[in-house]
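Report on one structure; see the data block that follows.
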Amino acid sequence: MNKRLLVGFCVALLLAVTLPAAASTFIAMDQNELMVSSKAVVEGKVLQTRSFWNEDRTAIITEAQVQVTDLVAGDAPGVVTVRTFGGEVGNYRLEAHGFSNFAAGESVLLYLQDDDNAFRVTGYRQGHYRLRAGAKGTIAVPTLEEGVRLFTKDGKVAPRPETMQLETLKDTIRERRGLIELRGRQVR
């Protein structure tokens, strides 16, 4: 192997080892798009999670049982099953970047879509907030990973969702849901 080819190979190998893996990229959804695409928005507490193989044994799926403490908008039962990719079964672990993950006992606010006898989070993690105690009450913290990039439909970088007071977020959701329903009645 000539010296130039060996140096090039070593540089490529070094870059491959030291550069971070490519980030996940998604089309950004604003509050209106999240609302229009969701059957319900709920505040709740994760009761339990269960991970299992899909029928083909090609992916691990996790289901979280979430006790609804406040139906913010739409229609959902008192306990919802939220299904997502990723999880751990035996010695196998699947990390599905961009997809929600849940832990028993955590409090969440979720935008939900129907998903074959369960729900899934709307807009991947864009529709998933973890709830934390803050100095002025409960805050809603977006769950998008640091490496996730959001772009508008015309290819521009979109702003990331921001942490905000839970009550402010719920008021915004209810207001927008009302406007969307009003526009729907006017169109008919």
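Any read-out appearing in this document is the output of simple, stated calculations on the displayed coordinates, not a laboratory observation. Keep in mind that this is a model prediction, so the values were computed, not measured. Glycine gets a Cβ as well: all are built from the backbone with ideal geometry, and neighbour counts include every protein chain shown.
Computed on the Cα trace of region 22-187, the radius of gyration divided by the Kirkwood hydrodynamic radius gives Rg/Rh = 0.97. For region 22-187, a crude dipole built from +1 on the beta carbon of Lys and Arg and -1 on the beta carbon of Asp and Glu, taken about the Cα centre, is about 280 debye to the nearest 20. Starting from the 7 Å offset along Cα-to-Cβ, what nm value, one decimal, do you get for the label separation of Ala103 and Lys39? For Ala103 paired with Lys39, the spin-label model returns 2.9 nm. Applying 1/(1 + (r/R0)^6) with r as the Cβ-Cβ distance of Leu47 and Glu146 and R0 = 22 angstrom yields a FRET efficiency of 0.20. For Gln113 and Asp171, the FRET efficiency from 1/(1 + (r/R0)^6), where r spans their Cβ atoms and R0 equals 22 Å, is about 0.50. Between the beta carbons of Thr138 and Glu55, assuming R0 = 45 Å, the FRET efficiency works out to 0.70 to the nearest 0.05.
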